[in-house]
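Here the structure is laid out as structure tokens; the discussion comes afterwards.
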Amino acid sequence: MKSSTIGIIGGGQLGRMLAMAAARLNFRTVVLEPQADCPASQVCNRQIVAAYDDEKALAELASLCDVVTYEFENVPVVAAETLAASVPVYPPAQALSASQDRLTEKRFLNGCGIPTADFRAVDDQTGLEAALAEFGGKGVLKTRRMGYDGKGQRVFKSGEDLTGAFDALGKVPLILESFIPFEREISIIAARFQDGTVTCYDPAENVHLNGILHTSTIPADLSEAARAVAVESAQKLLAALNYVGVVGIEFFVLADGSLVANEMAPRVHNTGHWTEAACVVSQFEQHIRAVAGLAPGSTARHSDCVMTNLIGDDIDSVPEWLSQKDCLVHLYGKTEARPGRKMGHVTQLTKAGKPGFSR
């Protein structure tokens, strides 16, 4: 075991599940998170309560840990770069730089040979009107930074009143993406190890409600050719970043079966939560293995399954879920159920599965 203490920037549910996976492999974890009662605080060995870019806190984290990772993509790049001067940081800071700005992200994906929707930078109302005209009045307008779970975006289906549309999203840099007439959404969870080995879990088919992931179903309704493209795309992206750790990549599936990338997330991903119930080695353990310099785990799944997010008041349905057969319930330790807040998830196993991919 090359590392005895792993630092985690971010104390939400993903940090919580990473800490739990680390503990199973006999690692200690130190979490840097400004919220004192965060979900990860209940399971980690120590929490540093400070802002993510607090220089003193970063120095303390580096002194306590053998390697540092993070649970969300909006970690300040300068914080990752500061830490990397004295302790390994995985995934690398350049993965944050590539993913934090949607314009940069689209250009990076295209540079890797991975197709995306067409897009235009939008810096003012005039630019928005011009870009929409190019796209026939249809498109998805998004903030370039910080949006998630459907926040910070607006869909145009043609004919809408554009008055004040730029200002309504905060007068910040935006990106307009062309409308993609997709048939379904899928994602792939991949991991790259320090020796360059890449492993991929089987793609999941995802359904969103109000911009938030509702279910992930495995296996996805996807051709073998499309599966191969998803794996190849993950390999290209991970190699380009000299990546170490788990990544989630979301795709749209078009009518002809081809794939168009939507976005990447340089971390463990909500659409990979099913792996803790349907695989011997979950995405969380796979990430810990990768950043700690351990051997890859198998991505084979022993079952097909459906993962359902518990959002807000869905937490009230837990007793019913607990009564179901072949059902794993995972709650995040959050005390207040608010609309749109992820409180936990449930994975229902269905039938025997099949192997994932390793290259």
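The values are calculated or read from the model by the stated rules, or taken from the named source; none is laboratory data. For clarity, every value in this text was computed on a predicted model and none was experimentally measured. As a convention, Cβ positions derive from the backbone with ideal geometry for all residues, glycine included, and neighbour counts pool all protein chains shown. Surface accessibility is based on the protein's heavy atoms, side chains included, excluding ligands, DNA and RNA. Shrake-Rupley method; radii C 1.70, N 1.55, O 1.52, S 1.80 Å.
Every test in (1) at pLDDT 95 or above; (2) out of contact with any Phe, Trp or Tyr (no Cβ under 9 Å at 6 or more places or on another chain); (3) open to solvent by 50 Å² or more (accessible area, probe 1.4 Å); (4) closer than 29 Å to residue 93 by Cα is passed by residue 194 save one, and that test is (2). Among the residues examined, residue 276 does not qualify as within 23 Å of residue 104 (Cβ to Cβ) and at pLDDT 95 or above. The set of residues in segment 151-181 that are assigned to a loop (DSSP other than H, G, I, E, B) and open to solvent by less than 80 Å² (accessible area, probe 1.4 Å) comprises 152, 158, 160, 162, 164, 169, 170, 172, 173, 178, 180. Scanning segment 274-298 for residues that are hydroxyl-bearing (Ser, Thr, Tyr) and open to solvent by less than 10 Å² (accessible area, probe 1.4 Å) yields a total of 1. What about residue 321, is it open to solvent by 10 Å² or more (accessible area, probe 1.4 Å), at pLDDT 95 or above and farther than 21 Å from residue 27 by Cβ? When the stated conditions are applied, residue 321 passes them. Just to be sure, is residue 209 surrounded by fewer than 16 Cβ atoms within 10 Å (Cβ to Cβ) and closer than 29 Å to residue 344 by Cα? Considered against the rule, which asks whether it is surrounded by fewer than 16 Cβ atoms within 10 Å (Cβ to Cβ) and closer than 29 Å to residue 344 by Cα, residue 209 comes out as yes.
Say we look at segment 212-245 and pick out the residues that are modelled with pLDDT of 95 or more and part of a strand (DSSP E or B); which of these is surrounded by the most Cβ atoms within 10 Å (Cβ to Cβ)? Only one residue fits best here, namely 216.
Restricting to segment 4-47, and then to whatever is in a strand (DSSP E or B) and in contact with a Gly (Cβ under 9 Å, 6 or more places away or on another chain), can you tell me which residue is surrounded by the most Cβ atoms within 10 Å (Cβ to Cβ)? Across segment 4-47, the extreme among qualifying residues is 32. Has segment 307-314 got any residue that is open to solvent by 40 Å² or more (accessible area, probe 1.4 Å) and not in a strand (DSSP E or B)? Within segment 307-314, one or more residues are open to solvent by 40 Å² or more (accessible area, probe 1.4 Å) and not in a strand (DSSP E or B).
Answer yes or no: is there a residue in segment 120-138 that is under 20 Å from the mean Cα position of the chain (by Cα) and modelled with pLDDT under 95. No: segment 120-138 contains no residue that is under 20 Å from the mean Cα position of the chain (by Cα) and modelled with pLDDT under 95. For segment 48-60, filtered to residues that are within 15 Å of residue 15 (Cα to Cα) and touching a strand residue (DSSP E or B) at 6+ places or on another chain (Cβ under 7 Å), the residue that is most open to solvent (accessible area, probe 1.4 Å) is 52.
Among residues of segment 298-309 that are touching a residue at least 24 places away in the same chain (Cβ under 8 Å), those with a Cβ under 7 angstrom from a residue that is among the charged types (D, E, K, R) and in a strand (DSSP E or B), sequence gap 6+ or separate chain, pair up as 303/351; 304/351; 309/342.
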